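Just so it is clear, none of the values below were taken in a lab; they were calculated from the coordinates. Here the structure is a predicted model, which means the values were calculated and not measured. Note: ideal-geometry Cβ built from the backbone for every residue, glycine included; neighbour counts use all protein chains shown.
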Amino acid sequence: MIASDRKQDRKTRERDKYAKKKSSLANRYGLDYMIRFLFIGRRSVRAFIIPLLSIVLGLLVWQWLTQTHADVILDFSNIPSPLHVYKSFLNVVVTKAYWKDIYWSLYRIALAFTIGSIVGVSIGVALGYSTVLRLIVAQYIEIMRPIPAIAWVPMAILLWPTTEQSIVFITFLGAVFPIVLNTWDGVKRVPVELVKAARSLGANRISVLFHVVVPYAIPNITVGMALGMGAAWFALLAGEMISGRYGIGYFTWESYQLIQYGNIIVGMLTIGILSSITSGAIYLLKRKIVPWSE
């Protein structure tokens, strides 16, 4: 028994000695850095190649469906091909009207989302922190929240004196409810122990709110803001299509009325790209503010 233990210890020492020697050789010739570089590079290439191949495959399928005029469940006979959409984009991108529409949509989104974030975070924190206020306000939120943005268009036109204000109001409604609900949920998730610990150290309700509750709820708040950004774009397009005179939503609807099918998809892709960029910016901001939540 003792002899076998000694033999096992000798094998372990020899293996450790060999590993150290191998590691020293790798460090001497820079092999470990090369291996790390190749491994990280392989992951980076895979993260780039797979999405690229997915996009190329999607474009090829789209091209095939339009060329063959496929009509199985969905009718592709009037859908423009990717090449047609690309040509339409080249024609549109050089016009001032296209960039003017982008400017107006971004302006409305920025204004409505800023107001929606301030109002949504304030209401969400108040609902999570005050039982009395929650009993007064919560039912109104639950009733108004499911109403789609397009249903607010007639009421917005009646409420506001100008079309521009009504579009911003509709966009605000799209953004505010996801922010309210996620902020409310984040405040409710604050551990009671943290609040009690802060109160035991002499903090009052206001100090607990701003130094414990709100910082703890920031991950939920940023998720709500990202969701609210996507909902705001949806609401904005509904307002621009019905009552707007500028904006990407108006551009898309006008293209449909003028039977410019290529421009319709250009407008749709523009909406998707702008929405992805603005939502992605919020997630990047979240990583900077609360990196531990990832």
- What ranking of SER54, SER279 emerges when the number of other C-beta atoms within 10 Å of each C-beta is taken as an exposure proxy, fewest first? SER54, SER279
- Sorted peptide list for 194-206, 80-92, 222-234, criterion being average Cβ within 10 angstrom, highest first: 222-234, 80-92, 194-206
- Query: Across all directions of projection, what mean area in square nanometres is found for the Cα convex hull of the range 82-293?
  - Reply: 14.0
- In which sequence would ASP75, ASP185, ASP101 go, from the one with the fewest C-beta neighbours within 10 Å to the one with the most? ASP75, ASP185, ASP101
- Query: Once phi is turned into θ = phi - 60°, what whole-Hz ³J(HN,Hα) does the Karplus curve with 6.51, -1.76 and 1.60 give for every residue of the range 225-230, x standing for Gly and Pro?
  - Reply: 5, 5, 5, x, 5, x
- Message: Please list 3J(HN,Hα) in residue order for the range 145-159, calculated via the Karplus relation 6.51 cos²θ - 1.76 cosθ + 1.60 where θ = phi - 60°; whole Hz, with x for glycine and proline.
- Response: 4, x, 5, x, 4, 5, 6, 7, 4, x, 5, 5, 5, 6, 7
- Message: Between the range 129-185 and the range 47-107, what is the separation of their alpha carbon centroids in Å?
- Response: 33
- Item | Cα point-scatterer Debye curve for the range 62-153, base-10 log of I(q)/I(0) at q = 0.12, 0.23 Å⁻¹ | -0.74, -1.12
- Task: Work out how much length ARG134 to THR95 would gain on full extension: take 0.36 nm times their residue separation and subtract the Cα-Cα distance, in nm to one decimal.
- Result: 9.0 nm
- Principal axis dimensions, largest first and in whole angstrom, of the range 188-263 by Cα: 69, 19, 13
- Largest-first principal axis extents, alpha carbons of the range 156-196, Å: 50, 14, 12
- Query: How much of the calculated P(r) for the range 49-206 lies past 25 Å, in percent of all Cα pairs?
  - Reply: 60
